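The values are calculated or read from the model by the stated rules, or taken from the named source; none is laboratory data. These numbers come from a predicted model, not from an experiment. For neighbour counting, all protein chains shown are included, and Cβ atoms are generated from backbone atoms with ideal geometry for every residue, glycine included. Ligands, DNA and RNA are stripped out before the accessible areas are found, and what is left, the full protein with its side chains, is counted by its heavy atoms. Shrake-Rupley method; radii C 1.70, N 1.55, O 1.52, S 1.80 Å.
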Amino acid sequence: MKAPRKDVVIFLGIFVVLFVGKILMTPNPLKNLQTGNGKTAPAKNEDPRYQEGLRLFYEQRCMQCHTFYGSGGVKGPDLTFVRDNLKKRLATYEDYIQQLQSVYPEESKKLDSLLQKILKAKDMERVELWLSEHLKNPTFDNPETQMPIFGFTDEKISALVFFLLHHADP
């Protein structure tokens, strides 16, 4: 059996060192986040739900699909202003539900009580409820979503919701 060529072994060694170094040296992308107007996003919120949500957001690699303060993926919606965007979107949620029921009658029948519960909620309560349900089951009101079901516990969902809705608080 021939010994591996010395140049190949050296190349692979350098590649491994650089690759592992890159992984270890990659900073947390949530540190020193910049808002669209150049201001740094609030990095500190002492609420344990915020801290846990921040940890989960990073640990679950949400930014692989979602943009957050100008960084991340584009497969899913931008989460920088998720609170304001959801408030606007959910203000016309009744119209959306009617469309959903006409396109997916069987699926929406199964979820009717949940959809009605969300419709009865007002303002931020509606946003929190919808976001919680979306993190629990992203297809609950959009059977064609690409977001996977992560199987989060209620505690993790609560922390993620708190973080997503409060990361931009002054």
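Miscellaneous remarks
- The stretch 84-100, residues that are more than 27 Å from His167 (Cα to Cα) and crowded, with 16+ Cβ neighbours inside 10 Å: Ile97, Leu100
- Flag for Leu54 being open to solvent by less than 90 Å² (accessible area, probe 1.4 Å) and closer than 12 Å to Asp141 by Cα: no
- Helices (runs of 4 or more DSSP H) wholly inside the stretch 95-170 that include at least 1 residues being touching a residue at least 60 places away in the same chain (Cβ under 8 Å) and closer than 17 Å to Cys62 by Cα: 154-166
- Matching residues, the stretch 76-94, being among the acidic types (Asp, Glu) and assigned to a helix (DSSP H, G or I): Asp84, Glu94
- Considering residues of the stretch 106-129 that are open to solvent by 60 Å² or more (accessible area, probe 1.4 Å) and closer than 16 Å to Glu144 by Cα only, the residue nearest to the chain's Cα centre (by Cα): Glu107
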